[in-house]
Amino acid sequence: MGSDHLGLPGRRGHGPVLDRAPHHPRGNGFLKRIAYLACADCLTTAQRRRPDAYEHDRELAALTPAFEARGWSLSEADWRACDPARFDLLLIRTTWDYVDHEAEFLAFLDRAVSLAPVANDPALVRWNLSKRYLQGLAAQGLPIIPSLFVDAPTPASAAFEAFGADEIILKPVVGGGGFGQSRLTRAEAEGVIIQPGQFAQPLVPEIMTTGEVSFIFVDGDYSHAVRKLPGGGDYRIHVIHGGGEHPYDPSPAEIETARTFVTALPVPALACRVDVIPTAHGLLLMELEAIEPHLFPTYGAQLGERMAHACGRLLA
């Protein structure tokens with residue numbers, strides 16, 4: 001998720017809350033304490049919140065009842081001000097500003113995992129942080145949208161030649177939420193340079209018509225799916241860019257295709273999201289989200305129970 005701060009006024013308080021739960025020593029019969037890690041402008045008490053912070057609210061609300069039913073507290077916490085030692089488990093959720101603080105984020109995870117379990121595993125986070133993971137998946141023969149990564153400044157014309165496409169999308173190698181991207185036609189590409197911090201993909205035309213389908217997996221098991229469509233002539237399917245969400249009932253074959261990406265992860269994920277574009281030639285992977293995937297709880301009635309069950313394994 002990107003970090004363009006297009007904040008809207010939120011609920012008023014006395015400033016951001018860094019760790020809302022009361023302090024308890026770990027163990028000694030007290031409740032298990034689980035951190036719902038977020039960025040400061042997603043917290044429910046932040047004075048100015050991101051316009052997509054409602055996704056934070058929905059997931060927190062979806063998970064809390066199942067966690068509390070097990071005697072666990074689930075507390076939102078700003079990852080940049082969180083004390084990992086105060087928790088029995090840390091869930092990486094709406095930490096969407098990590099793209100602006102990459103080194104700090106990784107250092108925090110390294111410190112946290114020495115004190116308590118972290119999900120998803122920091123080793124998986126490191127693998128998923130750079131979109132170059134797509135190269136590894138493609139090398140395994142998995143159906144990926146063709147991607148061109150460069151190690152030195154490269155004319156954008158090279159991407160058009162490589163893909164045989166009429167339009168390409170330039171994306172940041174570390175990024176999310178559809179931010180920092182550029183859509184180029186051949187005519188617009190003259191003089192444009194692909195930098196090492198960028199990569200190129202062809203614009204898959206089906207994104208404009210059939211959209212993108214997200215498959216949610218928890219502990220390796222399929223949970224639910226949602227279709228996302230762009231709006232207003234944009235190719236980006238995110239609601240923050242004008243896109244819309246719709247229920248999606250995938251076929252067993254589609255679920256199994258999505259599952260092949262989950263099983264290809266180098267480290268198992270507590271929760272992950274497989275984003276694909278349906279085409280005439282099958283599903284093509286757009287992204288495999290394994291850092292802080294939004295899980296679209298509106299479309300998965302059992303998400304809270306699934307997540308609580310999976311966390312129980314880490315808390316045992």
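For the stretch 144-157, state whether one or more residues are without any contact (Cβ under 8 Å) to a residue 12 or more places away in the chain and over 23 Å from Leu270 (Cβ atoms).
no
Being open to solvent by 40 Å² or more (accessible area, probe 1.4 Å) and part of a loop (DSSP other than H, G, I, E, B) is the filter; apply it to the stretch 240-273 and report the residue that is modelled with the lowest pLDDT.
Among residues in the stretch 240-273 that are open to solvent by 40 Å² or more (accessible area, probe 1.4 Å) and part of a loop (DSSP other than H, G, I, E, B), the one modelled with the lowest pLDDT is Gly242.
If you go through the stretch 80-109 one residue at a time, how many are over 13 Å from the mean Cα position of the chain (by Cα), closer than 21 Å to Gly176 by Cβ and not hydrophobic (A, V, I, L, M, F, W, C)?
Qualifying residue count, the stretch 80-109: 5.
Within the stretch 101-133, track down each residue that is within 20 Å of Asp78 (Cα to Cα), part of a loop (DSSP other than H, G, I, E, B) and among the small types (Gly, Ala, Ser).
Ser114, Ala116
Residues of the stretch 148-180 being within 29 Å of Trp96 (Cβ to Cβ) and open to solvent by 50 Å² or more (accessible area, probe 1.4 Å), which ones?
Asp151, Pro153, Glu167, Gly180
Would you please name the residue that is nearest to Arg306 (Cα to Cα), looking only at residues in the stretch 57-100 that are outside any helix (DSSP H, G or I) and open to solvent by 50 Å² or more (accessible area, probe 1.4 Å)?
Arg70
State which residue pairs qualify: first residue over 15 Å from Val274 (Cα atoms) and inside the stretch 130-141, second residue surrounded by 13 or more Cβ atoms within 10 Å (Cβ to Cβ) in any location, beta carbons under 8 Å apart, and separation of 6 or more residues or different chains.
Short answer, once both residue conditions are applied: Ser130/Val173; Ser130/Val174; Arg132/Phe149; Arg132/Val173; Arg132/Phe199; Gln135/Ser147; Gln135/Phe149; Gln140/Ala264.
Test Ile237 against the criterion of being among the β-branched types (Val, Ile, Thr) and in a helix (DSSP H, G or I), and give yes or no.
no
Confirm whether Ile169 is in a helix (DSSP H, G or I), within 20 Å of the chain's Cα centre (by Cα) and modelled with pLDDT under 95.
No; evaluated as a whole, the condition is false for this residue.
Any idea which residue in the stretch 134-147 is farthest from Glu287 (Cα to Cα), counting only those that are assigned to a helix (DSSP H, G or I) and either of a type in the set (Lys, Arg) or open to solvent by 10 Å² or more (accessible area, probe 1.4 Å) (or both)?
Selected residue: Ala139.
For residues in the stretch 247-270 being touching a residue at least 60 places away in the same chain (Cβ under 8 Å) and among the hydroxyl-bearing types (Ser, Thr, Tyr), which is nearest to Ser214 (Cα to Cα)?
Thr257
Working only within the stretch 274-315, note down all residues that are under 24 Å from Leu89 (Cβ atoms), open to solvent by 20 Å² or more (accessible area, probe 1.4 Å) and among the acidic types (Asp, Glu).
Selection gives Glu289, Glu305.
The values are calculated or read from the model by the stated rules, or taken from the named source; none is laboratory data. As the structure is a prediction and not an experimental result, all values here were calculated from the model. Glycine gets a Cβ as well: all are built from the backbone with ideal geometry, and neighbour counts include every protein chain shown. Ligands, DNA and RNA are stripped out before the accessible areas are found, and what is left, the full protein with its side chains, is counted by its heavy atoms. Shrake-Rupley method; radii C 1.70, N 1.55, O 1.52, S 1.80 Å.
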